[in-house]
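> Sharing a structure, written as structure tokens. Questions coming.
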Protein chains: 2
Amino acid sequence: MVEYNDKALDATFSALSDPTRRAILSRLALNDLTVSEIAEPYEMSLAAVSKHISVLAKAHLVSQQKEGRIRRCRLEPEALNAVSNWIEHYQRFWQGNLQSLENFMEKLKD
Amino acid sequence: MVEYNDKALDATFSALSDPTRRAILSRLALNDLTVSEIAEPYEMSLAAVSKHISVLAKAHLVSQQKEGRIRRCRLEPEALNAVSNWIEHYQRFWQGNLQSLENFMEKLKD
């Protein structure tokens, strides 16, 4: 169980700020993949892809299982949930304020 | 209308990866605030706070209205919506896969 404090959210948002890492996550949402499978469509080195995966793992967005010499990567949705909870919380506030403003305008009209 | 391509999402996620910037957004979700009002609870310089606001503005998370010598900041929820849409899209995929796996396990049991 990861505690979603400020530091964990920093790491998650930072990991998501790169288009290659978001593309990796979107493929892992369909299937678990080995590091070589993840690297296949890219022209970058296996080391560069591994570095991206390591950033995702540190942000708890991806877990890795060793199977002999192969590392299989899996999407861990809990960190994504923490991000969407954070956003929803403030969206609710904001939408609540918008509603209050609308109610206030309605009252002015009456 | 901001187009939420990869570059815009990079900027939004990157802006959100800092706890001070997230705290500023959470206060702007309650009220529009001037730059000095935003700076008030912090021990950092007004210039440092302005820099954070400028990062949020570049990511289209905050807009600024000039009123004489005062700049008033407002939360712009559209960029937050783009982030939550991105997350929801992959959560749906992932939850769909989890459901397929559960169905498969059920069939194995029968």
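The values are calculated or read from the model by the stated rules, or taken from the named source; none is laboratory data. Computed from a predicted structure; not experimentally measured. All Cβ positions, glycine included, derive from the backbone under ideal geometry; neighbour counts span all protein chains shown. For accessibility, only protein heavy atoms count, side chains too; no ligands or nucleic acids. Shrake-Rupley method; radii C 1.70, N 1.55, O 1.52, S 1.80 Å.
> In the stretch A:13-22, what count of residues is obtained for those that are more than 8 Å from chain B (Cβ to nearest Cβ) and within 11 Å of the chain's Cα centre (by Cα)?
Counting residues in the stretch A:13-22 that are more than 8 Å from chain B (Cβ to nearest Cβ) and within 11 Å of the chain's Cα centre (by Cα) gives 2.
> Sticking with this one: Might you check whether a residue that is touching an Asp or Glu at 6+ places or on another chain (Cβ under 7 Å), within 14 Å of chain B (Cβ to nearest Cβ), touching a residue at least 24 places away in the same chain (Cβ under 8 Å) and of a type outside the set (S, T, N, Q) occurs anywhere in the stretch A:83-97?
Scanning the stretch A:83-97, I find no residue that is touching an Asp or Glu at 6+ places or on another chain (Cβ under 7 Å), within 14 Å of chain B (Cβ to nearest Cβ), touching a residue at least 24 places away in the same chain (Cβ under 8 Å) and of a type outside the set (S, T, N, Q), so the answer is no.
> With respect to B:D18, is the statement that it is of a type outside the set (G, A, S), without any contact (Cβ under 8 Å) to a residue 12 or more places away in the chain, in contact with an Asp or Glu (Cβ under 8 Å, 6 or more places away or on another chain) and open to solvent by less than 70 Å² (accessible area, probe 1.4 Å) true?
no
> So is B:I87 open to solvent by less than 80 Å² (accessible area, probe 1.4 Å), over 16 Å from A:Q91 (Cβ atoms) and not in a strand (DSSP E or B) or not?
Considered against the rule, which asks whether it is open to solvent by less than 80 Å² (accessible area, probe 1.4 Å), over 16 Å from A:Q91 (Cβ atoms) and not in a strand (DSSP E or B), B:I87 comes out as no.
> For residues in the stretch B:1-12 being more than 10 Å from chain A (Cβ to nearest Cβ) and without any contact (Cβ under 8 Å) to a residue 60 or more places away in the chain, which is nearest to A:L16 (Cα to Cα)?
Selected residue: B:E3.
> Out of the residues in the stretch A:23-56 meeting the condition of being more than 29 Å from B:D18 (Cα to Cα) and in contact (Cβ under 8 Å) with a residue 40 or more places away in the chain, tell me which one is nearest to the other protein chains (Cβ to nearest Cβ).
Residue satisfying both the conditions and the ranking: A:D32.
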